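J.: Could you have a look at this structure, given as structure tokens, before my questions?
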Amino acid sequence: MPRKKTKALVREVPGDRLYDNQQIQKLINRVMQDGKKQIAERLVYDGLQKAAERLKVENPVEVFEQAFKNIQPHLETRSRRVGGANYQIPFEVKGQRQNHLTTMWFVAACRARKGISMADRIAAEFQDAYNGQGSAVKKREDVHKMADANRAFAHFART
């Protein structure tokens, strides 16, 4: 018998202090380690400011939104067992999961950069993502390639 679908409780996150933007607050929460939110806020705000200055954009929120738009995945693959074989089936990514993956990939890409301060890593990753480059954008492209390569198995997806 199939499992009963549970309705996920979505907790509202208030906007951040400086720009009143929910996505920036979620990024701050993801960058935060050991509950040190003020340090995480300072890192994200400094990174946004530096990236905006280097890109010669007046509003740092524009840099944030364009960078995250360039990282957001539209397709992903999920494993499904059909007749004794596992297939990677492409699915469209929607809403909350899209934002979650974007944030996770961005923070992972920032942490993977070594040799500079975290604020500079965040600024560099924002710059690269804004320009359609960088590790997080590459991750999105890899996920899209995987989904495209497995397009033949799309008929196994239930609607």
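J.: Go through 134, 115 for me and flag whichever is surrounded by 13 or more Cβ atoms within 10 Å (Cβ to Cβ) and on the phi > 0 side of the Ramachandran plot.
T.: 134
J.: If you check 101, 27, which single one turns out to be out of contact with any helix residue (DSSP H, G or I) (no Cβ under 7 Å at 6 or more places or on another chain), within 27 Å of residue 8 (Cα to Cα) and crowded, with 17+ Cβ neighbours inside 10 Å?
T.: Numbers: 27 fails: out of contact with any helix residue (DSSP H, G or I) (no Cβ under 7 Å at 6 or more places or on another chain).
Matching residue, one of 101, 27: 101.
J.: Among the residues of the stretch 23-62, which ones are polar (S, T, N, Q) and either under 14 Å from residue 110 (Cα atoms) or part of a loop (DSSP other than H, G, I, E, B) (or both)?
T.: Residues satisfying the conditions are 33, 59.
J.: Can you tell which of 128, 148, 142 is among the acidic types (Asp, Glu) and surrounded by 12 or more Cβ atoms within 10 Å (Cβ to Cβ)?
T.: None of the others qualify; the one that does is 128.
J.: Still on this structure, please answer the following. Which of (1) of a type outside the set (Asp, Glu); (2) in contact with a Lys or Arg (Cβ under 6 Å, 6 or more places away or on another chain); (3) modelled with pLDDT under 95 does residue 114 not meet, given it meets every other one?
T.: Of the numbered conditions (1) of a type outside the set (Asp, Glu); (2) in contact with a Lys or Arg (Cβ under 6 Å, 6 or more places away or on another chain); (3) modelled with pLDDT under 95, the odd one out for residue 114 is (2).
J.: Additional query: Any idea which of (1) out of contact with any Phe, Trp or Tyr (no Cβ under 8 Å at 6 or more places or on another chain); (2) within 16 Å of residue 66 (Cα to Cα) is the one residue 106 doesn't satisfy?
T.: (1)
J.: Going by what's in this entry, would residue 70 be described as polar (S, T, N, Q), more than 30 Å from residue 154 (Cα to Cα) and in contact with a helix residue (DSSP H, G or I) (Cβ under 9 Å, 6 or more places away or on another chain)? Steps first, please.
T.: Values: polar (S, T, N, Q): yes; more than 30 Å from residue 154 (Cα to Cα): no; in contact with a helix residue (DSSP H, G or I) (Cβ under 9 Å, 6 or more places away or on another chain): yes.
Spelling it out, it is not the case that residue 70 is polar (S, T, N, Q), more than 30 Å from residue 154 (Cα to Cα) and in contact with a helix residue (DSSP H, G or I) (Cβ under 9 Å, 6 or more places away or on another chain).
J.: So, one more: For the stretch 1-35, give me the residue count where each residue is farther than 18 Å from residue 121 by Cα, more than 16 Å from the chain's Cα centre (by Cα) and not acidic (Asp, Glu).
T.: 18
J.: Select, from 16, 20, the only residue that is in a loop (DSSP other than H, G, I, E, B), buried (at least 18 other Cβ atoms within 10 Å of the Cβ) and either of a type outside the set (Val, Ile, Thr) or in contact (Cβ under 8 Å) with a residue 40 or more places away in the chain (or both).
T.: Criteria check complete, one pass: 16.
The values are calculated or read from the model by the stated rules, or taken from the named source; none is laboratory data. Bear in mind the structure is a predicted one, so any value in this text is a computation, not a measurement. Don't worry about glycine lacking a Cβ; one is built from the backbone with ideal geometry, like all the others, and counts go over all protein chains shown.
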